[in-house]
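**Q** Let me give you the structure first, and then I'll get to my questions.
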Amino acid sequence: MTSNGDLAARLSARAPLMSLQSVDKVFAGDVVALRNMSLDVRAGDFVSLLGPSGCGKSTALRLIAGLSHPTRGRIAWADGQGADQLGVVFQEPTLMPWATVEDNVWLPMRLKGASKASVRDDIHDTLRLVGLENFAEAYPRELSGGMKMRVSIARAMVTHPKLILMDEPFAALDEITRFKLNNDLLEMKAKIGCTVIFVTHSVFESVFLSDRIVIMAARPGRVIREVQVDAPYPRDEAFRTSAEYAGHTRAASDALHEAMGEAA
Amino acid sequence: MTIADPAPVAAPAMDAEEAVRQRQAQINRVAKWTLPSLVMVLSILAWHLYVTIGEVPHYILPGPLLVAQQAVEDWGLLWSAMMITTRLTLLALAMAVIGGVALAVLFTQSKWAEMSFFPYAVILQVTPVIAVAPLLQIYVDSAFVAALLCAWIVAFFPILSNTTIGLKSADHNLQDLFSIYGASRWQRLRYLQGPAALPFFLGGLKIAGGLALIGAVVAEFVIGRAGTGLGLASTLLEASYRFNFGRLYAALLLISGLGIVIFACTSLISHLLLRKWHESAIKRDV
Ligand SMILES: Nc1ncnc2c1ncn2[C@@H]1O[C@H](COP(=O)(O)OP(=O)(O)OP(=O)(O)O)[C@@H](O)[C@H]1O
Ligand SMILES: [Mg+2]
């Protein structure tokens, strides 16, 4: 089965949405967080960055988000795109505790000057997408960890950005909640048709979610391998227990170990 | 009943615990008010008995009846004095809030401003106001304005320092998010730093409310002495010169009462503003 996402991805295969071109990032004290990192992300991709702690995954996301700038190299965007059309999800839900769920999701549009009345439908559609339509008036403290993360995802998706950056968003959640959110994330991505760059420590999570896994090593942070996961979307719970999944996981694990061995 | 059916045994055990907890909560609710009231009544009674049985002269310690009588007799005088002290305190507090918040906002907008002026805010704070008051009296014509400045100096610092910390305490990832969405300085202040600073500011307000009253009382003691006849503290001082101990105690009680009312008001404001979301204002069962 071929979804529209695949088709779109193949059609735009030659024109990346965003690319890192030989990017270095050096912090004060000669800490080389990234060395010569190149990465093309095409529209519709689900790219995972996988690697040990300190290999510069968060640094790469911050560069893409425009929160800091490359020491060398450059970040190129497709025409009409830019770091100002992003959604971001952090490891913590990072909600404003003084605002209701609805107002938290309103934030990106509020900062662009949109009144709540004018975007109420967008807010509620997105809350329905993440399954929280009945919690619009709740405050973050009244929600479970998984629900807070859903609000955070809703906030990132409400503006229908082309690119969503996620930095270990599910690392702090229990496994059952994480599996559920993995499934739902793929569904939501298909619905709004965005591109995702997803940072994770988990081989299993990266295989389940992505079509490309970029394996990174530390000291200095760099890309050492890229693994394709050629399993079609939509992927559901059955995929998780399939032989295909196990095969891809083994391949990714081997690549990671090999890479670690090379790196050491 | 069979052993295979343990529910009737287990259920009451749970309920009993819950019932105990509820009863405890109910008792606590009542005791919170009745116990302090009881202590007050008993202390007044002990005070009365000590004065009457010990035949303590009224210029050493007037009995509660004498104080009450004097309060009624001097009510006009005490009331107008209290109005002056109240106005002094509230004006000083209002100025402290405006000045403290404005300066805190300035500090967070400009590191240079903070570096330049924060040390002087500290100097203003650590210099005892009682040493400054006589000077103010020399340089400022109006005794009321001089007293107001004294009270303001004391009340200002906790608001400034708490609000400054609060404005900086906003979550770093949220700050990044605001940057990503291209928020202006004003939006950042209005939607992120301001709300994040609110609990800190309200904590400062509670302290500043009490300090404004202390500042006002100190100022009245020092400045009101020159026969300018300021508020309650001046009345108290004057009563002590005239050995009118009934009035002295009545004035003292009114000052305490004013302090309690101010504390209650600031606590209420804090509760109302934070009850929906801040951990400090949220009741927990266990
Ligand atoms: N602002 C900074 N100043 C100096 N060094 C930094 C800064 N940010 C990151 N680093 C360094 O850059 C390297 C990469 O950090 P980064 O946070 O990107 O790693 P990561 O792959 O996200 O790790 P983790 O999986 O633990 O989140 C680390 O050695 C870190 O100490
Ligand atoms: Mg990281």
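**Q** Report the accessible area of B:ARG185, computed with a 1.4 Å probe over the heavy atoms of all protein chains in place, in Å² rounded to the nearest 10.
**A** For B:ARG185, the solvent-accessible surface is approximately 150 Å².
**Q** Next up: Can you give me the distance in nm between label points at B:ALA131 and B:VAL41, each placed 7 Å from the Cα along the Cα-to-Cβ direction?
**A** 4.8
**Q** How big is the accessible area of B:PHE157 in square angstrom, nearest 10, if you roll a 1.4 angstrom probe over the protein chains?
**A** Its accessible surface works out to 40 Å², give or take rounding.
**Q** I would also like to ask the following. Taking 7 Å along the Cα-to-C-beta vector as the label spot, tell me the B:GLU55-B:LEU268 distance in nanometres, rounded to one decimal.
**A** Taking the two extended label points, one gets 4.8 nm.
**Q** Where in the stretch B:89-122 is the amide nitrogen less than 17 Å from a point lying 7 Å along the Cα-to-Cβ axis of A:ALA28?
**A** The answer is B:111-112, whose backbone nitrogens lie closer than 17 Å to the label point.
**Q** Which one, B:THR127, B:GLY257, B:SER37, is farthest towards the positive end of the dipole of the protein assembly as shown when Lys and Arg carry +1 and Asp and Glu -1 on their Cβ?
**A** B:THR127
**Q** Report relative contact order for the stretch A:115-264 in percent, whole number only (criteria: Cα-Cα under 8 Å, sequence separation at least 6).
**A** Over the stretch A:115-264, the number comes to 18 percent.
**Q** Would you work out the relative contact order for chain B, in percent, from Cα pairs under 8 angstrom that are 6 or more residues apart?
**A** 23
**Q** Given a Förster distance of 35 Å, report the FRET efficiency between B:ARG242 and B:TRP33 from their Cβ-Cβ distance, rounded to the nearest 0.05. Walk me through the numbers on the way to the answer.
**A** Details: r = 38 Å, r/R0 = 1.08.
Efficiency at R0 = 35 Å is approximately 0.40.
**Q** Quick check on the stretch A:165-219: take the gyration tensor over C-alpha atoms, sort the square-rooted eigenvalues as a ≥ b ≥ c, and tell me if it's rounded (a/c under 1.5), prolate or oblate.
**A** The shape class here is oblate.
**Q** Further, regarding this structure: If I build a Gaussian network model for chain B, linking alpha-carbon pairs within less than 10 angstrom, which residue out of B:PHE245, B:PHE117, B:PHE156 has the largest mean-square fluctuation?
**A** Maximum among the listed residues: B:PHE117.
**Q** I'd like the accessible area for B:ARG21, computed on protein heavy atoms only with a 1.4 Å probe and all protein chains in place. Round to 10 Å², please.
**A** Taking all protein chains as shown, B:ARG21 has close to 90 Å².
**Q** Another question about this same structure. Please state the relative contact order of the stretch A:4-263 as a whole percent: Cα pairs under 8 Å, 6+ residues apart?
**A** On the way: 463 pairs, mean separation 64.8, N = 260.
Normalised by residue count, the contact order of the stretch A:4-263 is 25 percent.
**Q** Turning to a different aspect of this structure: Applying 1/(1 + (r/R0)^6) with R0 = 56 Å to the Cβ-Cβ distance of A:GLU258 and B:SER280, what FRET efficiency is obtained, to the nearest 0.05? Walk me through the numbers before you get to the answer.
**A** Details: r = 52 Å, r/R0 = 0.94.
The computed FRET efficiency comes out at 0.60.
**Q** Peptide B:177-186: average number of partner chain Cβ atoms within 10 Å per residue?
**A** Mean shielding count: 6.
**Q** Can you grab the distance from the C-alpha centre of the stretch A:10-67 to the C-alpha centre of the stretch B:182-207, Å, no decimals?
**A** So the separation of the two Cα centres works out to 34 Å.
**Q** Now a separate question. Determine the shape class of the protein assembly as shown: with a ≥ b ≥ c the square roots of the Cα gyration tensor eigenvalues, call it rounded for a/c under 1.5, and otherwise prolate if a/b is greater than b/c, oblate otherwise.
**A** prolate
**Q** Treat every Asp and Glu Cβ in the protein assembly as shown as -1 and every Lys and Arg Cβ as +1, leave all other atoms uncharged, and give the resulting dipole magnitude about the Cα centre to the nearest 20 debye.
**A** Computed charge dipole of the protein assembly as shown: roughly 1060 debye.
**Q** Treat every Asp and Glu Cβ in chain B as -1 and every Lys and Arg Cβ as +1, leave all other atoms uncharged, and give the resulting dipole magnitude about the Cα centre to the nearest 20 debye.
**A** The calculated dipole for chain B is roughly 540 debye.
**Q** Moving on to the next point. Restricting to DSSP H runs of at least four residues, report the calculated mean residue ellipticity at 222 nm for the protein assembly as shown, -39500 (n - 2.57) per run over all residues, nearest 500 deg cm²/dmol.
**A** Dividing the helical sum by the residues of the protein assembly as shown leaves -20000 deg cm²/dmol.
**Q** Compute the FRET efficiency between B:TRP186 and A:HIS160 as 1/(1 + (r/R0)^6), taking r as their Cβ-Cβ distance and R0 = 35 Å, and round to the nearest 0.05.
**A** 0.85
**Q** Shifting gears a bit: Mind running the shape call on the stretch A:173-264? Use the C-alpha gyration tensor, a ≥ b ≥ c as the square roots of the eigenvalues: rounded below 1.5 for a/c, prolate if a/b tops b/c, oblate otherwise.
**A** It is prolate, given that a/c is not under 1.5 and a/b is the larger ratio.
**Q** What order do B:SER110, A:SER53 take when sorted by accessible area (1.4 Å probe), most exposed first?
**A** Heavy-atom accessible area, descending, gives A:SER53, B:SER110.
**Q** While we're looking at this one, here's another question. Can you compute the modelled spin-label distance between A:ALA76 and A:HIS201, with each label point 7 Å from Cα toward Cβ, in nm?
**A** 3.6
**Q** Within the stretch A:108-200, which GluC sites (Glu not before Pro) sit in a loop by DSSP and count at most 12 neighbouring Cβ atoms inside 10 Å? Before the final figure, lay out each step's value.
**A** Details: sites: A:GLU133, A:GLU137, A:GLU142, A:GLU175, A:GLU187; in loops: A:GLU137.
Passing both the DSSP loop test and the Cβ count: A:GLU137.
The values are calculated or read from the model by the stated rules, or taken from the named source; none is laboratory data. All figures in this text were calculated on a predicted structure; none of them were measured in a lab. So basically every Cβ, Gly included, is an ideal-geometry build from the backbone, and we count neighbours across all protein chains shown. Accessible surface areas use protein heavy atoms only, side chains included; no ligands, DNA or RNA. Shrake-Rupley method; radii C 1.70, N 1.55, O 1.52, S 1.80 Å.
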